[in-house]
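Asks: Provided herewith is a single structure, encoded as structure tokens, for subsequent inquiry.
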Amino acid sequence: MPCYTIQQSHVEFLAKSTDLTLLAEALRKLGFEVSELNDRLVLRKRDPNGYFRLGSYDRATGRLEVDTTWDVNEIKRAYSERVVDSQARKFGWQLEWGTNAAGHRQASVLRRG
């Protein structure tokens, strides 16, 4: 694969493959309070009026239930970044995150040598 290749992926939270640790990290990065209860992540975040909004992710079903004020795509993007970071570390790659001209986050692999 050429070094200038761009890969895009569709993100789904699937019961068998979603990494709860990475999802929790992503949610915390977005300002959520996250706690584990059995096989669920329980989510809490204050809205602009100071009220807590609740949500959850059920590991058994892969179902993410969130308040209508939350942006699910933002959650998917944050989870994607955690997954990419995790895989890069696994293979010893160093990433540099940035934002392209269209305003989308992108990662570049820093080459050695």
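Asks: What is the spin-label model distance, in nm, from Arg44 to Glu12 if the labels are put 7 Å beyond Cα along the C-beta direction?
Replies: 3.3
Asks: In region 27-77, what chymotrypsin sites (Phe, Trp or Tyr not before Pro) fall in a loop by DSSP, with at most 13 other Cβ atoms inside 10 Å?
Replies: Here the chymotrypsin sites (Phe, Trp or Tyr not before Pro) that fit, given the DSSP loop and packing criteria, are Tyr51.
Asks: When all protein chains stay in place, what accessible area (Å², nearest 10, 1.4 Å probe) is found for Glu33?
Replies: Here the residue's solvent-accessible area equals roughly 90 Å².
Asks: If you don't mind, there's one more thing I want to ask. Hey, what number do you get for the chain at 222 nm if only DSSP H runs of n ≥ 4 count, each worth -39500 (n - 2.57), divided across all residues, to the nearest 500?
Replies: Result for the chain, helices only: -8500 deg cm²/dmol.
Asks: Rounded if a/c is under 1.5, else prolate if a/b beats b/c, else oblate: with a ≥ b ≥ c from the C-alpha gyration tensor eigenvalues square-rooted, which is region 40-107?
Replies: Judged from the Cα gyration tensor, region 40-107 comes out oblate (a/c at least 1.5, b/c at or above a/b).
Asks: In Å, what Rg and Dmax follow from the Cα atoms of region 9-85?
Replies: 11.8, 36
The values are calculated or read from the model by the stated rules, or taken from the named source; none is laboratory data. These figures come from a predicted structure and were not determined experimentally. FYI the Cβ positions are ideal-geometry reconstructions off the backbone, even for glycines, and counts take in every protein chain you see. Surface areas here come from the heavy atoms of the whole protein model, side chains and all, with no ligands, DNA or RNA. Shrake-Rupley method; radii C 1.70, N 1.55, O 1.52, S 1.80 Å.
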